[in-house]
1. Can you name every residue in segment 222-236 that is surrounded by 19 or more Cβ atoms within 10 Å (Cβ to Cβ) and more than 16 Å from the chain's Cα centre (by Cα)?
2. With respect to the numbered conditions (1) over 27 Å from residue 50 (Cα atoms); (2) without any contact (Cβ under 8 Å) to a residue 60 or more places away in the chain, which one is the sole condition not fulfilled by residue 206?
3. Please go through segment 217-266 and pick out each residue that is over 24 Å from residue 30 (Cβ atoms), outside any strand (DSSP E or B) and out of contact with any strand residue (DSSP E or B) (no Cβ under 7 Å at 6 or more places or on another chain).
4. Collect the residues in segment 169-186 that are farther than 22 Å from residue 247 by Cβ and crowded, with 22+ Cβ neighbours inside 10 Å, keeping them in residue-number order.
5. Residue under question is residue 170, and the condition is that it be modelled with pLDDT of 95 or more, under 21 Å from residue 55 (Cβ atoms) and either assigned to a loop (DSSP other than H, G, I, E, B) or more than 12 Å from the chain's Cα centre (by Cα) (or both); does it hold?
């Protein structure tokens, strides 16, 4: 049998397999990327587009920037660029205005909680205090405290092996996070902010989109987390995407202030 013919046949079969996989993924409605990066792209692709990260954080082990202590009482919403800071014990927090940011809390707690739910081990376990969905863990594995000390300091966390890192970029008034696994592959893409035309899912959801628009685009969610003025809506099972919505003004409905596109279980 002609070896050239065999090689050509194998190439055609491989190409058809890739095409069929892409078509199946398109039909499933799953989001495959965000910000010009696709899931499972390499770290080289990230730096070729965005350059050197503004910071590199440990997600689940080793040292790194620790989770900072929370400021509000139990149940207060999470801060960061997309979250309304709690104003008092147990309060739902005041309205968030542009620039009104509680810098003591990690803006990526939303993304950390999604990683934990997908089975990525988080040192320190879930927070005992408030915070999103039972208290996600800060980048170093230190659970942010609520209403007092109890958050980890910078450089905290355990000394275990780092398996996941987050490359953080500050762009256009927003924060982009790319979580990479030990094989240097992107397994989660995150965007946190209030307004940025470059942040948009394949179905057109962006910062400022409403809950009604999410339902129209993605249909039935597979889960919610509600904490004060913050709501996390998950479409991970079918669409590989989740959204954080926050109330940006008194008597105004929540709008999208965080988007995460996530791979399957790692």
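1. 227, 228, 229
2. (1)
3. If the condition is that a residue be over 24 Å from residue 30 (Cβ atoms), outside any strand (DSSP E or B) and out of contact with any strand residue (DSSP E or B) (no Cβ under 7 Å at 6 or more places or on another chain), then 228, 247, 249, 250, 251, 252 are the ones that fit.
4. 176, 177, 178, 179, 186
5. Answer is yes for this residue.
The values are calculated or read from the model by the stated rules, or taken from the named source; none is laboratory data. What you see is a predicted model; the values in this text were computed from it and never measured. For neighbour counting, all protein chains shown are included, and Cβ atoms are generated from backbone atoms with ideal geometry for every residue, glycine included.
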